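S.K.: Below you will find the structure I want to go over with you.
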Amino acid sequence: MTPQNRRKSSASGPQGTTPIQIHRALKGDASSIADLVVRTKRLNNEFDPLFAVVEDAKSRAEKYIVSTIGSPDKLLLVAADGSKIVGVLRAEMRERIFYDPHVEGLVTDFYILPEYRRKALGNQMIKQASAKLKEMGAQIIVADVPSQNEIATRFYVKRGFRSLNQFFGKSP
């Protein structure tokens with residue numbers, strides 16, 4: 001792993017002793033990352049029942065993660081406390097054909113284990129992801145979060161994001 005892919009952050013583990021490492025995910029991280037992705041999907045369901053998680057979510061998440069790792073138009077960062085994956089951020093590049101700026105870096109998944117929150121780790125992950133997405137050509141960084149997730153909304157607003165879209169849904 002190159003120094004550019006693995007950087008120390010100033011966030012520390014729950015006991016405040018181990019610096020958390022933020023780096024691009026490796027294939028060997030896929031199972032641990034999938035667990036965190038499923039946790040974020042289950043959290044979404046707590047905010048809104050229209051986000052009911054499927055039974056085979058873990059196997060779907062593993063395929064999703066493996067297809068992301070190494071993809072030139074996707075970014076997958078993990079936060080690790082030693083060998084334990086404690087956070088994940090997944091993003092992808094998308095074209096906005098009718099708008100300027102026309103290339104966006106879309107954060108699709110972002111989750112940090114509860115015991116690692118409120119230690120500046122989320123801020124460091126979003127800053128590092130934003131820098132890497134900019135290197136990949138992103139002209140705007142956006143995040144996709146359920147509208148009922150006020151915690152995520154406050155997180156992004158505090159960091160200068162604002163609402164751009166609203167999706168409406170209902171069961172048929």
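The values are calculated or read from the model by the stated rules, or taken from the named source; none is laboratory data. Quick caveat, the model's predicted, so the values are computed rather than measured. A quick note on method: Cβ atoms are made from the backbone with ideal geometry, for glycine too, and the neighbour counts reach across all protein chains shown.
S.K.: Answer with yes or no whether residue 87 is on the phi > 0 side of the Ramachandran plot, modelled with pLDDT of 95 or more and either not polar (S, T, N, Q) or not in a loop (DSSP other than H, G, I, E, B) (or both).
M.R.: Working: on the phi > 0 side of the Ramachandran plot: no; modelled with pLDDT of 95 or more: yes; either not polar (S, T, N, Q) or not in a loop (DSSP other than H, G, I, E, B) (or both): yes.
No; evaluated as a whole, the condition is false for this residue.
S.K.: Same structure again: I need the full set of residues from segment 26-77 which are within 30 Å of residue 172 (Cα to Cα), in contact (Cβ under 8 Å) with a residue 40 or more places away in the chain and among the basic types (Lys, Arg), in order please.
M.R.: Scanning segment 26-77 gives a single hit, 39.
S.K.: Hey, can you tell me all the residues within segment 70-84 that are outside any strand (DSSP E or B) and touching an Asp or Glu at 6+ places or on another chain (Cβ under 7 Å)?
M.R.: Step one: list which residues in segment 70-84 are outside any strand (DSSP E or B), which gives 70-73, 82-83.
Selection gives 73 alone.
S.K.: Right, here's the next one. Which of the following residues is assigned to a loop (DSSP other than H, G, I, E, B) and either touching a residue at least 24 places away in the same chain (Cβ under 8 Å) or more than 16 Å from residue 77 (Cα to Cα) (or both): 106, 133, 164?
M.R.: Working: 106 fails: assigned to a loop (DSSP other than H, G, I, E, B); 133 fails: assigned to a loop (DSSP other than H, G, I, E, B).
Just a single option satisfies the conditions, and that option is 164.
S.K.: Another question, if that's okay. Kindly check whether there is at least one residue in segment 63-83 that is modelled with pLDDT of 95 or more, farther than 17 Å from residue 144 by Cβ, out of contact with any helix residue (DSSP H, G or I) (no Cβ under 8 Å at 6 or more places or on another chain) and among the basic types (Lys, Arg).
M.R.: yes
S.K.: A follow-up question, please. Take residue 50 and tell me if it is modelled with pLDDT of 95 or more and either assigned to a strand (DSSP E or B) or under 24 Å from residue 144 (Cα atoms) (or both).
M.R.: Values: modelled with pLDDT of 95 or more: no; either assigned to a strand (DSSP E or B) or under 24 Å from residue 144 (Cα atoms) (or both): yes.
For residue 50, the condition - modelled with pLDDT of 95 or more and either assigned to a strand (DSSP E or B) or under 24 Å from residue 144 (Cα atoms) (or both) - is not met.
S.K.: Which of the numbered conditions does residue 10 fail, given that it passes all the others? Conditions: (1) assigned to a strand (DSSP E or B); (2) modelled with pLDDT of 90 or more.
M.R.: Answer for residue 10: the failing condition is (2).
S.K.: If you go through segment 133-172 one residue at a time, how many are of a type in the set (Gly, Ala, Ser) and closer than 20 Å to residue 45 by Cα?
M.R.: First pass over segment 133-172, keeping only residues of a type in the set (Gly, Ala, Ser): 137-138, 143, 147, 152, 160, 163, 169, 171.
Filter once more, keeping what is closer than 20 Å to residue 45 by Cα: 143, 147, 152, 169, 171.
Number satisfying all stated conditions: 5.
S.K.: From 65, 97, 85, grab the single residue that is among the β-branched types (Val, Ile, Thr) and surrounded by fewer than 16 Cβ atoms within 10 Å (Cβ to Cβ).
M.R.: 97
S.K.: So residue 151 fits all but one of (1) more than 22 Å from residue 21 (Cβ to Cβ); (2) aliphatic (A, V, I, L, M); (3) surrounded by 21 or more Cβ atoms within 10 Å (Cβ to Cβ); what number is the exception?
M.R.: (3)
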